[in-house]
1. Checking residue 427 against (1) over 16 Å from residue 285 (Cα atoms); (2) within 22 Å of the chain's Cα centre (by Cα), only one condition comes out false. Which one?
2. In the stretch 71-82, what residues are open to solvent by 10 Å² or more (accessible area, probe 1.4 Å) and touching a helix residue (DSSP H, G or I) at 6+ places or on another chain (Cβ under 9 Å)?
3. Can you name the number of the only condition in (1) surrounded by 15 or more Cβ atoms within 10 Å (Cβ to Cβ); (2) closer than 30 Å to residue 293 by Cα; (3) at pLDDT below 95 that residue 157 fails?
4. Has the stretch 364-386 got any residue that is within 27 Å of the chain's Cα centre (by Cα) and either in a loop (DSSP other than H, G, I, E, B) or at pLDDT 95 or above (or both)?
5. If you go through the stretch 284-320 one residue at a time, how many are of a type in the set (Val, Ile, Thr) and touching a strand residue (DSSP E or B) at 6+ places or on another chain (Cβ under 7 Å)?
6. Please state which of the following conditions residue 105 fails to meet, knowing it meets all the rest: (1) open to solvent by 20 Å² or more (accessible area, probe 1.4 Å); (2) at pLDDT 95 or above.
7. Of the conditions (1) touching a residue at least 12 places away in the same chain (Cβ under 8 Å); (2) within 24 Å of the chain's Cα centre (by Cα); (3) surrounded by 13 or more Cβ atoms within 10 Å (Cβ to Cβ), residue 119 satisfies every one except a single condition; which number is it?
8. If residue 293 passes every condition in (1) closer than 28 Å to residue 49 by Cα; (2) open to solvent by 10 Å² or more (accessible area, probe 1.4 Å) but one, which one does it miss?
Amino acid sequence: MSDRNRTKILATAILGTGVCFSGVAAHGQQAQSGIVGKDGWLFSTWELATVEDMAPTNVTIDLISRFNKVLAANGVTMAVVIIPSRARVYSEFLPPSVRKTREMAGQYERVMKGFEKGRVNAIDLATPFLDPANRNGPLVLQHKLDSHWTPAGALLAAEAIKAGIAANPTLKSALDSTPAQQYKLEMSKSKKRSNLRDIIPQLSPADAAKQTSQSDEIRTFTAVRVKGALPHNSLPYYGVALVGSSSSRQFTGFLDGLVYNLQRDIYLSSTDGDRGAWVGMETYLRGDVFQTKPPKLMIWEQAEKQMPMPPTYKWRSATFNMDNTEWLLRVAALVQKNCTASTVTARLSNSKLTGRAANASTDGFSVSATTDNDFVEYSFSEPFRKLDYLSAHLTLSEAKTITLEAIGADGSTRKFSVPASVDAPLKFPLTSPGSGYTKVRIYPGKTTGFALKGLQICRQPDGLLS
């Protein structure tokens with residue numbers, strides 16, 4: 001669908017003629033996607049689900065379901081947490097020009113049913129957020145001028161997650177297998193005014209100029225370790241990980257709320273909305289914390305408005321836009337604990353190394369220094385297949401991005417940029433639009449030392465894509 005059609009559909013099906021907008025300011029594409037509501041409330045057009053969102057939402061559910069299956073097969077239990085749309089929780093503050101459609105009303109339930117069908121452990125936040133006793137309390141659950149939840153909303157979500165884990169035998173078993181801690185919750189002595197207002201820049205200049213300095217009253221809190229509990233750095237690893245959006249950042253209170261409610265140390269990996277949840281998850285999986293010792297329980301937080309935004313979501317910056325299948329192949333490779341050998345094998349066939357190389361062989365080598373043009377080349381016994389991936393251990397003088405250049409029998413090439421740590425595994429598929437690549441050149445870039453060990457070609461489970 002063209003940008004013009006997307007705009008036209010939203011304008012006619014949801015907003016009517018009273019609200020004008022032109023795109024996705026939240027993702028850096030265009031401006032004026034904000035909506036001025038009643039009683040000082042602001043909303044974003046991207047909170048308003050349409051019939052056009054159903055197909056991409058199904059893609060998102062399918063990808064997460066497949067990813068969840070890979071995690072479970074490798075000893076990681078995932079709980080998916082979807083933050084309900086502000087436009088539904090506080091729908092009475094939408095302007096008269098916004099028509100409340102069936103898609104808006106039913107989106108969250110459709111997503112939850114999709115996860116249930118895909119056997120994903122998803123925890124319901126819509127029910128507690130829509131409960132009149134909670135949403136009409138003394139403190140709002142979601143900011144009036146900002147897309148994030150308030151500390152009150154974050155704490156309510158943490159409490160709902162605790163209850164959801166306790167009610168789910170699979171999640172409870174995963175949590176119970178992790179080291180417990182002792183925390184208490186310290187609330188601020190008084191309320192304060194929030195200065196969060198990220199929706200204002202999404203408004204037209206005229207509407208933005210009308211906004212006052214009003215703000216929400218909030219009450220903050222902190223999870224504090226009880227005296228006598230183990231020091232934070234004494235644990236061998238984080239048994240619980242929280243992977244989420246900016247709503248999981250420290251300033252929202254969500255992490256502290258989870259730490260207190262679950263009584264666990266929790267590793268946080270959060271990514272802002274312009275990069276997207278898919279980039280965020282891949283970044284976490286590639287990192288040392290996951291690759292060294294994966295958690296037993298992973299909590300993946302996303303907003304309801306992100307559900308129609310799969311990796312190929314075209315309104316996101318091209319820098320962070322990616323193919324759906326390629327994303328799944330990359331993250332599935334990163335999750336694999338053991339290598340299932342492919343029938344494809346590799347041999348060292350060429351190299352250009354400035355420094356002195358040592359132990360050069362089929363499964364690896366080391367070199368004292370490299371330049372930007374240095375490379376090693378491996379040839380494959382047969383064309384690389386979609387489910388195959390390279391597996392090796394890299395040692396670099398510093399964390400950096402290395403380049404993999406895949407080469408086909410016809411001379412076609414494709415370059416992949418892969419972030420690499422100082423001492424970490426490399427697990428990467430060489431996806432091809434054709435019959436598969438027959439060689440790969442590894443460019444470490446400028447280093448004062450580089451080593452590659454244990455190179456082999458591994459294969460992912462046959463059912464990953466089917």
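The values are calculated or read from the model by the stated rules, or taken from the named source; none is laboratory data. Treat the numbers as computed from the prediction; the structure is a model and nothing was measured. As a convention, Cβ positions derive from the backbone with ideal geometry for all residues, glycine included, and neighbour counts pool all protein chains shown. The protein model used for the area step is the full one, side chains on, heavy atoms only, and it has no ligands, DNA or RNA in it. Shrake-Rupley method; radii C 1.70, N 1.55, O 1.52, S 1.80 Å.
1. Every listed condition holds for residue 427 apart from (1).
2. Selection gives 72, 73, 74, 77.
3. (3)
4. So far as the stretch 364-386 goes, yes, one or more of its residues are within 27 Å of the chain's Cα centre (by Cα) and either in a loop (DSSP other than H, G, I, E, B) or at pLDDT 95 or above (or both).
5. Result for the stretch 284-320: 2.
6. (2)
7. Residue 119 satisfies all of (1) touching a residue at least 12 places away in the same chain (Cβ under 8 Å); (2) within 24 Å of the chain's Cα centre (by Cα); (3) surrounded by 13 or more Cβ atoms within 10 Å (Cβ to Cβ) except (3).
8. Of (1) closer than 28 Å to residue 49 by Cα; (2) open to solvent by 10 Å² or more (accessible area, probe 1.4 Å), only one is false for residue 293: (1).
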